[in-house]
Amino acid sequence: MINEEIQQQINSGKMLPLMEQFYTIQGEGFHTGKAAYFIRIGGCDVGCHWCDVKESWNASLHPPTSTDSIIENAKKHANTVVVTGGEPLMWSLDYITSKLQSLSIKTHIETSGAYPLSGNWDWICLSPKKTKLPLEGIYKEAHELKVIVSNNHDFKFAEEQAAKVKNTCELYLQPEWSKREKMMPLIVDFVMKYPKWKISLQTHKYLNIP
């Protein structure tokens, strides 16, 4: 049971249910190959059956952690921080992003868009899910749209989602890891037919890094 004082700290974003934090190479999407410090926040109710971090779903398993201490760790390593989850927008991210940006650290987020946008972001990667669709307001804010492809219908879903983002938004299709051998030839054909799309691979899994 979280006491009232801690709950107030969580509500203000001065504490977050931290699952893990680590310095690694960005594995997916537009910033693939770049060094970044990842902050994974617990809590998610989007419920992707193929999620590879299901242990992040239950926020109560991840202790409320001082956001200032998270920032102290981040600034030792990188000039770019990626906030991910879980679904990080379940929590207020105004405090952490303002503090990071005051240190000249770039702020990136990976989100399903299912919760209201908070925080100030240099890069927003929107990865929409059919199980809990993004809120309308985030589409025009996204710098990158990344759709996970695990079946043929996902191509139609991807086009529907792409119609909602701004023209400058980078568009990516990424094979769901367990279906990659089946889906990759279809993704290649689709991208060659519709070259506004690009392919994202989970290169960190090929490299065997976090």
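Bear in mind that the values in this text are calculations on the coordinates, not laboratory data. The shown structure was predicted, so the numbers you read here are calculated from the model rather than taken from an experiment. Please note: Cβ atoms are built from the backbone with ideal geometry, for glycine as well, and neighbour counts cover all protein chains shown.
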Strands (runs of 3 or more DSSP E) enclosed by region 33-87 - at least 3 residues per element that are touching a strand residue (DSSP E or B) at 6+ places or on another chain (Cβ under 6 Å) and within 25 Å of Asp122 (Cα to Cα): 35-41, 80-84
All positions within region 5-30 that are farther than 24 Å from Ser92 by Cβ and assigned to a helix (DSSP H, G or I): Gly29, Phe30
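Find the residue count for region 166-210, including only residues that are assigned to a loop (DSSP other than H, G, I, E, B) and touching a strand residue (DSSP E or B) at 6+ places or on another chain (Cβ under 8 Å).
We begin by selecting, within region 166-210, every residue assigned to a loop (DSSP other than H, G, I, E, B); these are 166-169, 176, 194-196, 200-202, 208-210.
Next, from what is left, pick out any that are touching a strand residue (DSSP E or B) at 6+ places or on another chain (Cβ under 8 Å): 169, 176, 196, 200-202, 209-210.
Residues flagged as assigned to a loop (DSSP other than H, G, I, E, B) and touching a strand residue (DSSP E or B) at 6+ places or on another chain (Cβ under 8 Å) within region 166-210 amount to 8.
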Within region 141-190, tally of residues that are under 17 Å from Thr203 (Cβ atoms) and of a type in the set (A, V, I, L, M, F, W, C): 8
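Per-residue answers, yes or no, for (1) surrounded by 22 or more Cβ atoms within 10 Å (Cβ to Cβ); (2) in contact (Cβ under 8 Å) with a residue 60 or more places away in the chain; (3) of a type in the set (A, V, I, L, M); (4) in contact with a Ser or Thr (Cβ under 7 Å, 6 or more places away or on another chain):
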| residue | (1), (2), (3), (4) |
| --- | --- |
| Lys14 | no, yes, no, yes |
| Tyr23 | no, no, no, no |
| Ser56 | yes, no, no, no |
| His62 | no, no, no, no |
| Ser69 | no, no, no, no |
| Val82 | yes, no, yes, no |
| Ser98 | no, no, no, no |
Residues satisfying the stated conditions in region 106-135, i.e. buried (at least 20 other Cβ atoms within 10 Å of the Cβ) and of a type in the set (A, V, I, L, M, F, W, C): Ile109, Trp121, Ile124, Cys125, Leu126
Candidate set: region 167-210, residues that are in contact (Cβ under 8 Å) with a residue 60 or more places away in the chain and of a type in the set (Val, Ile, Thr); chosen: the one nearest to Trp123 (Cα to Cα): Thr203
Given (1) buried (at least 17 other Cβ atoms within 10 Å of the Cβ); (2) in a loop (DSSP other than H, G, I, E, B); (3) not β-branched (Val, Ile, Thr), number of the condition Tyr139 does not satisfy: (2)
